[in-house]
1. Please state which of the following conditions Glu65 fails to meet, knowing it meets all the rest: (1) open to solvent by less than 60 Å² (accessible area, probe 1.4 Å); (2) in contact with a strand residue (DSSP E or B) (Cβ under 7 Å, 6 or more places away or on another chain).
2. From Leu11, Leu18, which residue is more than 30 Å from Glu114 (Cβ to Cβ) and open to solvent by less than 30 Å² (accessible area, probe 1.4 Å)?
3. Against the definition (at pLDDT 90 or above, touching a strand residue (DSSP E or B) at 6+ places or on another chain (Cβ under 7 Å), buried (at least 16 other Cβ atoms within 10 Å of the Cβ) and of a type outside the set (A, V, I, L, M, F, W, C)), how does Gly77 come out, yes or no?
4. Report yes if some residue within the stretch 13-34 is hydroxyl-bearing (Ser, Thr, Tyr), at pLDDT 85 or above and in contact with a strand residue (DSSP E or B) (Cβ under 6 Å, 6 or more places away or on another chain); otherwise report no.
5. Name every residue in the stretch 239-276 that is under 14 Å from Ala195 (Cβ atoms) and touching a helix residue (DSSP H, G or I) at 6+ places or on another chain (Cβ under 7 Å), in order of residue number.
6. Inside the stretch 12-26, can you point out the residues that are free of Cβ contacts under 8 Å to residues at least 60 places away in the same chain and either outside any loop (DSSP other than H, G, I, E, B) or basic (Lys, Arg) (or both)?
7. If you take the residues in the stretch 80-108 that are small (Gly, Ala, Ser) and not in a helix (DSSP H, G or I), which one is least open to solvent (accessible area, probe 1.4 Å)?
8. Out of everything in the stretch 139-184 that is of a type in the set (Gly, Ala, Ser) and open to solvent by less than 70 Å² (accessible area, probe 1.4 Å), what residue ends up being nearest to Ile59 (Cα to Cα)?
Amino acid sequence: MAAGFKTVEPLEYYRRFLKENCRPDGRELGEFRTTTVNIGSISTADGSALVKLGNTTVICGVKAEFAAPPTDAPDKGYVVPNVDLPPLCSWRFRSGPPGEEAQVASQFIADVIENSQIIQKEDLCISPGKLAWVLYCDLICLDYDGNILDACTFALLAALKNVQLPEVTINEETALAEVNLKKKSYLNIRTHPVATSFAVFDDTLLIVDPTGEEEHLATGTLTIVMDEEGKLCCLHKPGGSGLTGAKLQDCMSRAVTRHKEVKKLMDEVIKSMKPK
């Protein structure tokens, strides 16, 4: 009976749960799904991480290559993110060029990198005007069940913390790069941005970490990115219902708490990987 009602009147079905301050999957309105992270998942990448947020699964692989620095910034390298939402992750996506949602997610991740200064691009310069690192950050969704932006942001951060770059010197006689693979060092991660997403129901009610179904039924969504100092790095609100100042403040407070949860989880995983 309940399954039939959900099919015919999905919004009313959800409203009945929300009135009782819970959701059909048993979570409270402010509760995230179980979050897991596996760091160093891809042996062929220079850094990688797999993040699961409930069923939503994203893998991030970072590949480092050489390039000439930009002419207008000869002392900087590059960070190039790309989010891929292939047909295997959901019936919503088709093969071919990236769809609108994938492009929006890629731009969002690029904005997070730029605004949070997670990596200073000067740190990626090997020899000013001659040689710099390019970090290609490929984020692929393996299973799509809502809240892709939180999962992508977490996977990117965890993968970048896993990257080790070899020592590179320029031979003055030959002007060629010499790579010392025996001497590797981790990236200097300057901030730890964490995203927290909300869905707005009936223009008033806020829930965190929406599933794909909840996003579809919501009247608006909001994603807030904070760093460890509680600074706002990014705010993504693609139209939909407006929010009062008080509601926005509630969202910011929840985002600060979520940052602590994610940072603690990531630190525990990294600590467990270190040789005893």
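The values are calculated or read from the model by the stated rules, or taken from the named source; none is laboratory data. Computed from a predicted structure; not experimentally measured. Note: ideal-geometry Cβ built from the backbone for every residue, glycine included; neighbour counts use all protein chains shown. Accessible surface areas use protein heavy atoms only, side chains included; no ligands, DNA or RNA. Shrake-Rupley method; radii C 1.70, N 1.55, O 1.52, S 1.80 Å.
1. (1)
2. Numbers: Leu11 fails: open to solvent by less than 30 Å² (accessible area, probe 1.4 Å).
Answer to the check: Leu18.
3. yes
4. First, the residues of the stretch 13-34 that are hydroxyl-bearing (Ser, Thr, Tyr): 13-14, 34.
Those still in the list that are at pLDDT 85 or above too: 34.
Okay, now just the ones that are also in contact with a strand residue (DSSP E or B) (Cβ under 6 Å, 6 or more places away or on another chain), so none.
No: zero hits.
5. Val262, Met266
6. Filtering the stretch 12-26 down to residues free of Cβ contacts under 8 Å to residues at least 60 places away in the same chain leaves 12-13, 16-17, 19-22, 24, 26.
Result: Glu12, Tyr13, Arg16, Phe17, Lys19, Cys22.
7. For the stretch 80-108, the residue satisfying everything is Ser90.
8. My answer is Ala155.
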